[in-house]
1. Which of Ala365, Ala338, Ala45 moves most in a GNM of the chain, Cα contacts under 10 Å?
2. So between Ile43 and Arg120, what do we pick up on full extension, going 0.36 nm a residue minus the alpha carbon distance?
3. Rg/Rh for the range 110-196: what does it come to with C-alpha atoms and Rh from Kirkwood?
4. Per the helix-only calculation at 222 nm, which mean residue ellipticity applies to the chain, given -39500 (n - 2.57) for every DSSP H run of n ≥ 4 and division by its residues, nearest 500 deg cm²/dmol?
5. Can you give the translational diffusion coefficient of the range 98-137 in µm²/s, computed by Stokes-Einstein from the Kirkwood radius over Cα pairs at 10 °C and 1.306 mPa s?
6. Please give the Cα centre distance for the range 131-158 versus the range 187-245, rounded to the nearest Å.
7. Based on the alpha-carbon gyration tensor of the chain, what equivalent-ellipsoid semi-axes (square roots of 5 times the eigenvalues) come out, in whole Å, largest first?
8. Compute the Cα gyration tensor for the range 134-266, then decide on rounded, prolate or oblate, letting a ≥ b ≥ c be the square roots of its eigenvalues: rounded whenever a/c is under 1.5, prolate when a/b is larger than b/c in the other cases, and oblate in all that remain.
Amino acid sequence: MRTQVAIIGAGPAGLFLSHLLHLQGIESTVIEIRSRADIEATIRAGVLEQGTMDLLTETGVGERMRAEGALHHGFELAFGGRRHRIDLQGLTGKSITVYPQHEVIKDLVAARLAAGGDLRFEVSNVAVDRIDSSNPIVRFDHQGASHQIEADFVVGCDGFHGVSRPAIPASLREDYQRIYPFGWFGILVESAPSSDELIYAQHDRGFALISTRTPTVQRLYFQCDPTDHVDNWSDDRIWNELHTRVENTDGWRLNEGKIFQKGIIGMRSFVSAPMRCGRLFLAGDAAHIVPPTGAKGMNLAISDVNILSKALGQFYRQGSEQGLDTYSDEALKRVWRAEYFSWYMTSMLHTFADATPFERQMQRAQLDNVVNSRALATALAENYVGAF
Ligand SMILES: Cc1cc2nc3c(=O)[nH]c(=O)nc-3n(C[C@H](O)[C@H](O)[C@H](O)COP(=O)(O)OP(=O)(O)OC[C@H]3O[C@@H](n4cnc5c(N)ncnc54)[C@H](O)[C@@H]3O)c2cc1C
């Protein structure tokens with residue numbers, strides 16, 4: 001089979017790229033190893049920057065997000081028993097929307113299928129070849145048969161563990177990485193939100209995040225040992241830990257409810273550069289990972305493919321490769337800023353087991369500075385809403 005752009009992976013990056021290409025009259029085929037039901041049910045990101053919200057709306061896939069997402073004009077930093085509001089709207093004129101990633105996925109899959117898009121779920125044995133030629137190929141198995149797509153370009157949107165990045169010879173890329181000595185224990189809880197806005201809490205026992213997914217589901221996280229196991233954590237132990245970490249003196253209380261999902265994720269910062277080799281381009285988590293503290297992962301995936309779709313449009317309309325040649329540099333500029341912000345938030349809010357008493361005091365002083373300085377709070381808010 002033949003298409004103009006072969007896309008590996010139906011996450012936010014792959015699906016939105018396919019949608020953006022379709023709007024420009026460019027054909028694509030998306031292949032995905034998981035089932036449609038699985039990708040539409042996997043709970044991950046939830047914070048959409050203003051720019052991401054605007055892009056989804058402008059390109060006709062933001063209707064449900066606008067109707068069902070929760071617009072947040074600020075968030076809170078909690079430490080030392082007190083909560084301090086970061087007024088995103090007041091400091092930057094912009095906001096964020098809390099709308100779960102799997103709902104974005106559902107909207108994008110529905111839009112692609114309604115437009116007759118070629119999406120293939122539950123493929124296996126995916127391999128990329130001939131990336132240094134003008135007709136790269138992607139091989140895969142689907143429904144008991146082997147297939148091959150010939151394309152003008154291949155875009156690897158297959159996340160951190162996909163096959164695309166390893167298809168670029170190690171000698172032609174530089175990988176930058178930091179693995180953090182902690183993870184996040186995440187739970188989904190049936191209950192009304194504890195707070196109208198997200199709460200990022202720093203405590204000597206470790207970080208905690210109070211967030212919501214829908215008016216009846218809370219998403220709560222707390223810092224944990226990345227090698228720990230969910231079976232070690234009874235519901236009572238989880239609630240005790242969360243209450244301790246978000247304890248405060250202003251009477252605010254965390255709502256409890258039925259915990260219906262538990263999981264542990266590791267934390268890493270990672271960038272592979274450049275995000276292109278010949279006719280193979282990388283986008284989203286395939287090229288970079290941020291710790292989730294800055295809420296940037298999905299937003300970066302959307303921003304990468306926005307840049308790439310314009311470059312591909314320029315190629316097909318004008319025959320110009322200029323945008324394709326600058327894609328990696330342009331995308332990486334934003335990626336590195338988001339890497340910095342995610343590292344900064346992670347370092348400021350988590351407890352490092354090997355920190356000296358002096359370093360712990362510095363961490364607390366840093367938080368005090370942020371909530372007492374309009375300039376520092378503005379810088380944090382600008383990064384959080386993606387106002388750059
Ligand atoms: C717990 C958690 C919380 C997060 N919170 C936030 C947040 O608040 N805000 C935010 O912006 N980001 C957040 N993120 C990050 C965000 O979820 C990711 O950055 C985002 O999913 C990246 O999108 P992607 O399309 O690049 O990759 P993915 O979403 O990983 O999609 C890749 C797809 O490729 C498929 N695939 C893999 N290998 C192959 C193959 N060989 N062939 C075909 N298909 C393949 C996978 O099945 C997957 O569907 C969070 C992540 C986690 C884990």
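Every number here is computed from the coordinates shown, using simple stated rules; none is lab data. These numbers were taken from a predicted model, which means no experiment stands behind them. As a convention, Cβ positions derive from the backbone with ideal geometry for all residues, glycine included, and neighbour counts pool all protein chains shown.
1. Ala365
2. On the way: separation 77, 0.36 × 77 = 27.72 nm, distance 2.13 nm.
Here the answer is 25.6 nm.
3. Details: Rg = 19.2 Å, Rh = 17.1 Å.
Ratio value, two decimals: 1.12.
4. Details: 11 runs with 140 residues, N = 388.
So the helix-based figure for the chain works out to -11500 deg cm²/dmol.
5. On the way: Rh = 13.0 Å.
For the chosen part, D equals 123 µm²/s.
6. 42 Å
7. On the way: eigenvalues 279, 93, 84 Å².
Listed largest to smallest, the semi-axes of the chain are 37, 22, 20 Å.
8. Working: a/c = 2.84, a/b = 2.22, b/c = 1.28.
Prolate, since a/c reaches 1.5 and a/b exceeds b/c.
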